[in-house]
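The values are calculated or read from the model by the stated rules, or taken from the named source; none is laboratory data. From a predicted model like this one, the values you see are computed outputs, not experimental measurements. In this analysis, Cβ positions are derived from the backbone assuming ideal geometry, glycine residues included, and neighbour counts consider all displayed protein chains.
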């Protein structure tokens, strides 16, 4: 479950990382309607990923009641007005913005597909799989080594028993 959640979060951020530069490039190149249409489509696509990535696991968790399927259907029906408003806004700006909104809606599926294809390519090629599995040596900075030495020194000092001075008074229970 945690691995699936990390994959959804990674897909979400990869999609945002692709959507922002594409929308900015369209906007800065003078295609303002297309940029807004693409942004609308990308937001709808990201909303779909988020809602399914959060709601489906929440509804179908272990120990969920029998009405989870009905709740999911209700949730999916309630998402339709959001899609309708977004697509209405994109189509009102012209056909170019509508096609750009379609491209924005296809952003998350394209990211998911490219991730799956890339993973399949890496796993099918032994050399690529070995290169992906190898990690370079981590360089430890001298300041970090010094800090680790100081922490180890403090831990070793903490394990030594404390000595009580001879001038300490004995405290007895119940003493007045």
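Remarks
- Of the residues making up the range 25-40, those that are in a helix (DSSP H, G or I) and surrounded by fewer than 17 Cβ atoms within 10 Å (Cβ to Cβ) are 25, 27, 28, 32.
- Residues of the range 83-114 satisfying the condition of being in contact with a helix residue (DSSP H, G or I) (Cβ under 7 Å, 6 or more places away or on another chain) and more than 22 Å from residue 26 (Cβ to Cβ): 112
- No other residue among 8, 22 is out of contact with any strand residue (DSSP E or B) (no Cβ under 9 Å at 6 or more places or on another chain), surrounded by 13 or more Cβ atoms within 10 Å (Cβ to Cβ) and over 17 Å from residue 103 (Cβ atoms) apart from 8.
- Verdict on residue 43 being modelled with pLDDT under 85, in a helix (DSSP H, G or I) and closer than 13 Å to residue 12 by Cα: no
- Among residues of the range 24-53, those that are over 14 Å from the mean Cα position of the chain (by Cα) and in contact (Cβ under 8 Å) with a residue 60 or more places away in the chain, counted: 16
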